[in-house]
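Enquirer: Structure in structure tokens, see below.
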Amino acid sequence: MVFSSLIFLFAFLPCCLIGYYGIFRKSRKWQNYFLLICSLLFYSWGGVKYTGLILLSILINWLMALLIDNSGKKEKKNEQLAWLTIAVIFNIALLFVFKYVNFTVDNLNALFHLDIQIKEIALPIGISFFTFQGMSYVIDVFRKHGEALKNPLEVGLYISFFPQLIAGPIVRYETVADQIHNRRETVDLFSNGIGRFIIGLGKKAILANTLAVISDQVFSQYYTASGLSAWLGAIAYTLQIYFDFSGYSDMAIGLGKMFGFTFEENFDHPYLSSSITEFWRRWHISMGTWFRDYVYFPLGGSRVSSKARVIFNLFVVWMLTGIWHGANWTFILWGMLQFLVIFLERMTKINKSTSKGLRCFGHIYSLLVVIFGWVLFNSASVLSAWDYIKSMFFVGIPLADDYFFFAIKENAVVLVLSVLCCFPLIPWLQKNNRKEKQWYGIGRFVVLSLIMVVAVAYVVKGAFNPFIYFNF
Amino acid sequence: MKKIGITVFCLYLVLGMILTVSFGYYSFGTGVLDVFKSFSDYSVTDSIDRLFSSVEGSMKSDFWKNGEYINLYGGIQKAVGRKVVIGSNGTTVFKNQENSLYFGNVSSKIDYSSGTSEKVIERVADFSAFCQNRNVKFSYVIAPCKSAYLDELEFPAVIGLTDYTGSADKTEEALTAKNVPVLNLQRMLHDESSNYASDFFSTDHHWKIETAFWGFQRIGEFLRNDLGCRLDSSLLSSDNYSVKKLKNAMMGSEGARVGKWYHPKDDYALISPLYDTALYRKFEDGYLETRSYEKTGNFDEVVFGELGKNVSYGSYISFDRDCIYVDNLNNNSGEKILLIKDSFAIPVSAWLSCFSDELWIVDLRYQQKESMYDFIENHGIDTVIVMYNPQSFGSLDSMYCFDSVSKGN
């Protein structure tokens, strides 16, 4: 099930709201159980056979956290560490088996001329997200950043809560531990949640899906595309992935608010960054902070004695980031590209420059690095990514073709609108309308209503529009 | 304002849900029943997955005010000046310079290389030989296709389409070489018409009703003059028919995917005999149990029935069904015609029913009970007409399974 589908909007969500605020409104415990059942139904909709996997993940993480907590109370540090290690290995093993084993075997066969045959294993939806949440739970309990929950159903709610189950944001346990029992649903929060949800739905259904038509067309026929068409396809994908993913995050955050949960922000206008270092503080923030807190800092971060060690720590983080995104060399190379640029920025300190000229240069080169990175990200193989990038440098191909002019003419409005929407329009509007609160309120209502109806129109016409990050 | 916003949002979702289920209860119910009926054929997890798919499918197809949302979507596309629209269900619809809609794709060229299928030619030739050996008259009619003679029109350079001109002409040539009587209406229409493309609906891939009537007249002449059928030639004259034009009444298959705000509806002609008619029509249908639907009356009563505000291409007699039987109560000539067809023959079959004594209208995509060889023997058929448009040539096996019962598409 996806948020931008009729079954979610006009069946699942209203039933959830009716159950939560109607039938179970008087008991926080039963509200939580109800949300858990809804979340498992949401997950099962994509394939019942994988529900067992998420239930197993919930059970093991719950058990391990209790054992960690118990050992901690008895001050048995080594035992605590052992349980934590087992829990982390379990989660990583789960991820490895379902996501990386086929890739590993293929590469071993290629590298060592072996002939290992294994059955193709299907990738369960959202496995990269819920395994990371499971690890966050046990690690935060170990670090005493949150209490171990005695009730496995509450752990189930944390790991499988439907707003962030399939494609994030990766909600760290310490940020929501208290909210499981002590959240407060208010009119303001619910209203903000609705607004956030609608904005996200608009980004996904109206902008991302329209841009996808251009990027899919060009990427599928890049070998015949002109240079300008290649650029158009790359820029369309750059915009598409932003609106697709940030739109989903907006919907997830909005849905969380509707049920009284406040999740941390996941995107902060990343295409306004003046360096790649800054980009990664604005793009998929929850993943970045997860790797920072659970990988980079435990390795020592920047507070180590040698520069070589800092570089090594960065290398590990970006290698893992690349691998996390997918079982393909393109993702690993994409991660390495991020590492290389961040490393160079650290060496040159360009990201810390206050010079206007350098900052302007920083905006441009950051966008270019991001765009080329997305080409690698979206390509089926390293070779096709290389061919695509060559097209962007007009190597052996014409400057423009019929498709380029046709696509620009057909999509001028959506391209301009998409670029505008990369800027912080809503905070600007909010800032400049503080004195005219009533008109702002009416205007907000009208605009959001329009976006909702138009987005539903786009959803109705589309039969199948999965999110890009669904593949994770 | 926030409370109003919350109320409106929740009401919108809840009402959408209630109205969809209320108006679409049949689709939801039959889908769920289907899953339970075949529960033992699948594992528990697969059955649950099928149940979820069925519910989701019903939601998509029967969502309340589906059509209005598609209209809104189409209106937005028109407002931003789009010529190519990804319509509902992901099909690509585009508008050419003549303001007609076509199904197509964004590709680099129009494909003019369409041919014919040897397997199709062989099956039709065998069927024709079977009929002729039993003194049953046989004809193969090629209905005209909108995607033909495309070089006479203007399209955006990036639009990909298949031109079926070659397919029709090569099929005619191959069948004629095997002594199969062929009537190539596509070529004839192009030769006789001043503007081939305008003979088709702008929102649909089918020919206009007036064009279909012209086709009926050519078929009638062919049956009488070339095959020697006992049919009254005066019934082919346009003077014996009235034409009533319904303005802005039909949204065709292409238009339905982009809505009336993207492209207005087509006009629709109701062409009825001026002479006395009395017809008996019967077909079977039903999901939970098969029921027989019978009707007796004059042409308008049987063919048009209760026409609503909006008509569709299938408003003549019926949409495609496995078998429709029409007995012309005013004709006792004994001329029994079997029409094996795709959707292009729908309006033709209505006028043909006034031309013959008994008419069977069979669509092999749905008819899986009896082979056509047995059908001819069992019903004493005098004349067989196989009428397909070139897009059907070789694409669907079942349509050419004359001598056996196919399993459908």
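We did not get these values from a lab; they are worked out from the coordinates using the rules stated. Just so it is clear, the model here is predicted, and its values are computed rather than measured. Glycine gets a Cβ as well: all are built from the backbone with ideal geometry, and neighbour counts include every protein chain shown.
Enquirer: Can you sort A:LEU399, A:LEU94 from fewest to most other Cβ atoms within 10 Å of each residue's own Cβ? It would help to have the intermediate numbers written out before the result.
Expert: Values: A:LEU399 10, A:LEU94 20.
Lowest to highest Cβ neighbour count: A:LEU399, A:LEU94.
Enquirer: If you fit an axis through the alpha-carbon atoms of helix B:165-177 and take the longest principal axis of the Cα set of chain B, what angle between them do you get, 0 to 90°, nearest 10?
Expert: 30 degrees
Enquirer: Moving on. Among DSSP beta bridges lying fully in the protein assembly as shown, give the percent that are antiparallel, nearest 5.
Expert: Details: 34 of 56 bridges.
Of all bridge pairs located within the protein assembly as shown, approximately 60 percent are antiparallel.
Enquirer: In debye, nearest 20: dipole of the protein assembly as shown around its Cα centre with unit charges on the Cβ of K, R (+) and D, E (-)?
Expert: Roughly 5540 debye, rounded to the nearest 20.
Enquirer: Going highest first, how would you order A:401-410, B:258-267 by mean Cβ packing within 10 Å? All intermediate terms of the calculation are to be shown ahead of the outcome.
Expert: Numbers: A:401-410: 19.0, B:258-267: 21.3.
In descending order of packing, they fall as B:258-267, A:401-410.
Enquirer: Follow-up. If we sort A:135-143, A:268-276 on the protection proxy, mean other Cβ atoms within 10 Å, highest first, what's the order?
Expert: Descending mean neighbour count gives A:135-143, A:268-276.
Enquirer: Using label points projected 7 Å from each Cα along Cα→Cβ, tell me how many nm separate B:SER193 and A:GLU147, to one decimal.
Expert: 7.8 nm
Enquirer: Next up: May I ask you to give the average projected area over all directions of the convex hull of the Cα atoms of the stretch B:1-94, in nm² rounded to one decimal? List each step's numbers first, then the result.
Expert: Numbers: hull surface 36.3 nm².
Across all orientations, the stretch B:1-94 yields a mean hull projection of 9.1 nm².
Enquirer: Same structure, new question: Kindly provide the trypsin sites (Lys or Arg not before Pro) of the stretch A:9-81 that DSSP labels as loop, not H, G, I, E or B, and whose Cβ sees at most 15 other Cβ atoms within 10 Å.
Expert: Details: sites: A:ARG25, A:LYS26, A:ARG28, A:LYS29, A:LYS49, A:LYS73, A:LYS74, A:LYS76, A:LYS77; in loops: A:ARG25, A:LYS26, A:LYS74, A:LYS76.
For trypsin sites (Lys or Arg not before Pro) across the stretch A:9-81 that sit outside H, G, I, E and B with at most 15 neighbouring Cβ atoms in 10 Å, the list reads A:ARG25, A:LYS26, A:LYS74, A:LYS76.
Enquirer: For the protein assembly as shown, taking Cα atoms only, what is the radius of gyration to one decimal and the Dmax to the nearest whole Å?
Expert: Both quantities, over Cα of the protein assembly as shown: 32.4, 106 Å.
Enquirer: Could you work out the Rg to Rh ratio of chain B, with Rh taken as the Kirkwood radius (inverse of the mean 1/r over all Cα pairs)? Before the final figure, lay out the partial values.
Expert: On the way: Rg = 23.1 Å, Rh = 23.3 Å.
Answer for chain B: 0.99.
Enquirer: Under the rule a/c < 1.5 gives rounded, and otherwise a/b versus b/c splits prolate from oblate, where does the stretch A:264-384 land using the Cα gyration tensor? Mind dumping the intermediate values first?
Expert: On the way: a/c = 1.44, a/b = 1.03, b/c = 1.40.
In terms of gyration-tensor shape, rounded.
Enquirer: Residue by residue through the stretch B:39-50, what is 3J(HN,Hα) from phi via Karplus (6.51 cos²θ - 1.76 cosθ + 1.60, θ = phi - 60°)? Round to whole Hz and write x for glycine and proline.
Expert: 4, 6, 7, 10, 6, 4, 5, 5, 5, 5, 4, 5
Enquirer: Please turn the phi angles of the stretch A:388-394 into ³J(HN,Hα) values with the Karplus equation 6.51 cos²θ - 1.76 cosθ + 1.60 (θ = phi - 60°), one per residue in order, whole Hz, x for glycine and proline.
Expert: With coefficients 6.51, -1.76 and 1.60, one gets 5, 5, 4, 4, 5, 9, 6 Hz.
Enquirer: Can you pull the mean other chain C-beta count within 10 Å for peptide B:42-53? Don't skip to the end; give the middle numbers.
Expert: Values: counts 0, 2, 1, 7, 2, 1, 6, 6, 0, 1, 8, 1.
Taking all residues of B:42-53 together, the mean is 3.
Enquirer: Further question: Check which residues have an amide H placed less than 5 Å from B:THR277's amide H, if you skip close sequence neighbours.
Expert: Here the answer is B:PHE299, since their amide H atoms fall under 5 Å of that of B:THR277.
Enquirer: Tell me, what HN-Hα J-couplings in whole Hz come from the Karplus equation 6.51 cos²θ - 1.76 cosθ + 1.60 at θ = phi - 60° for each residue of the stretch A:412-429, using x for Gly and Pro?
Expert: 3, 5, 5, 5, 5, 4, 5, 5, 4, 6, 6, 8, x, 5, 5, x, 5, 5
Enquirer: How fast does the stretch A:107-216 diffuse by Stokes-Einstein, in µm²/s, taking the Kirkwood radius from C-alpha pairs at 20 °C and 1.002 mPa s? The partial results should precede the final answer.
Expert: On the way: Rh = 17.6 Å.
Result for D is 122 µm²/s.
Enquirer: In addition: Using only Cα atoms, locate the centre of the stretch A:359-421 and the centre of the stretch A:21-75, then give the distance between them in Å, rounded to an integer.
Expert: 43 Å
Enquirer: Would you work out if the stretch A:147-265 is rounded, prolate or oblate? Take a ≥ b ≥ c from the square roots of the eigenvalues of the alpha-carbon gyration tensor; rounded if a/c is under 1.5, else prolate when a/b is larger than b/c, oblate otherwise. Could the numbers behind the result be given before it?
Expert: Working: a/c = 4.19, a/b = 2.35, b/c = 1.78.
Note, shape of the stretch A:147-265 comes out prolate.
Enquirer: Return the long-range amide H neighbours of A:VAL304 (sequence gap of 5 or more, or a different chain), with a cut-off of under 5 Å between placed amide H atoms.
Expert: none
Enquirer: If neighbour count is taken as other Cβ atoms inside 10 Å, put A:THR131, A:THR224, B:THR211 in order from fewest to most.
Expert: On the way: A:THR131 27, A:THR224 12, B:THR211 22.
Final ranking by Cβ density, sparse to dense: A:THR224, B:THR211, A:THR131.
Enquirer: Using only helices, what value at 222 nm comes out for chain A when you add -39,500 (n - 2.57) per DSSP H run of length 4 or more and divide by the total residues, to the nearest 500 deg cm²/dmol?
Expert: Values: 22 runs with 313 residues, N = 472.
Using -39500 (n - 2.57) per qualifying helix, the result is -21500 deg cm²/dmol.
Enquirer: What's the whole-number percent of alpha carbon pairs in the stretch B:258-403 lying beyond 22 angstrom?
Expert: Numbers: 4603 of 10585 pairs.
Cα-Cα pairs in the stretch B:258-403 separated by more than 22 Å: 43 percent.
Enquirer: Could you pull out the GluC sites (Glu not before Pro) across the stretch A:114-188 that fall in loop regions by DSSP (anything but H, G, I, E, B) with no more than 15 other Cβ atoms inside 10 Å? Let's see the in-between values first.
Expert: On the way: sites: A:GLU120, A:GLU147, A:GLU154, A:GLU174, A:GLU185; in loops: A:GLU120, A:GLU147, A:GLU185.
Sites meeting the loop and neighbour criteria: A:GLU120, A:GLU147.
Enquirer: To the nearest Å, what is the center-to-center distance of the stretch A:287-331 and the stretch B:24-72, using C-alpha atoms only?
Expert: Centre-to-centre (Cα) distance: 46 Å.
Enquirer: Springs between alpha-carbon atoms under 10 Å, Gaussian network over chain B: tell me which of B:ALA157, B:ALA168, B:ALA345 tops the mean-square fluctuations.
Expert: B:ALA157
Enquirer: With both bridge residues required to lie in the stretch B:45-190, what share of the DSSP beta bridges run antiparallel, to the nearest 5%? Don't jump to the answer; show the numbers that get you there.
Expert: On the way: 9 of 14 bridges.
Restricted to the stretch B:45-190, the bridges split so that about 65 percent are antiparallel.
Enquirer: Would you please calculate the Kirkwood hydrodynamic radius of the stretch B:159-272 over all C-alpha pairs and express it in Å, rounded to one decimal?
Expert: On the way: mean 1/r = 0.0612 Å⁻¹.
Across the stretch B:159-272, the inverse of the average 1/r is 16.3 Å.
Enquirer: Of B:MET188, B:MET251, how do they rank once you tally other Cβ atoms within 10 Å and put the fewest first?
Expert: Ranked by crowding around the Cβ, least crowded first: B:MET188, B:MET251.
Enquirer: Normalising by the residue count of the stretch A:54-98, find the relative contact order in percent from Cα pairs under 8 Å and 6+ residues apart. Don't skip to the end; give the middle numbers.
Expert: Numbers: 20 pairs, mean separation 16.4, N = 45.
Relative contact order for the stretch A:54-98 comes out at 36 percent.
Enquirer: Tell me which residues come under 5 Å, amide H to amide H, from B:ASN184 once H is placed; ignore anything under 5 positions away on its chain.
Expert: B:ILE142
Enquirer: Another question about this same structure. Go ahead and estimate [θ] at 222 nm for chain B from helices alone: -39,500 (n - 2.57) per DSSP H run with n ≥ 4, summed, over the residue count, rounded to 500.
Expert: -11000 deg cm²/dmol, from helical runs alone.
Enquirer: Relative to the present Cα-Cα distance, how much length would full extension add between A:CYS15 and A:PHE394 at 0.36 nm per residue of separation?
Expert: Numbers: separation 379, 0.36 × 379 = 136.44 nm, distance 5.35 nm.
Gain in length upon complete extension: 131.1 nm.
Enquirer: Calculate the mean, over all residues of peptide B:11-22, of how many other protein chain Cβ atoms lie within 10 angstrom of the residue's Cβ. Please report the intermediate quantities before stating the final value.
Expert: On the way: counts 1, 7, 11, 6, 2, 6, 10, 2, 1, 3, 2, 0.
So the per-residue partner count for this stretch is 4.
Enquirer: Could you work out the mean count of beta carbons from other protein chains within 10 Å of each residue's beta carbon in A:401-409? Before the final figure, lay out each step's value.
Expert: Working: counts 3, 6, 6, 1, 3, 7, 3, 0, 4.
If you average over the peptide's residues, the count of other-chain Cβ atoms is 4.
Enquirer: OK, next. How about A:LYS409: which lysines have a C-alpha closer than 29 Å to its C-alpha, ignoring those fewer than 8 places off in the same chain?
Expert: Correct list for A:LYS409: A:LYS203, A:LYS204, A:LYS390, A:LYS461, B:LYS78, B:LYS83, B:LYS95, B:LYS109, B:LYS146, B:LYS260, B:LYS265.
Enquirer: Across 10 Å bins from 0, what is the distribution of all Cα-Cα pair distances for the stretch B:40-173, in whole percents?
Expert: It works out to 9, 24, 20, 22, 20, 4, 0, in whole percents.
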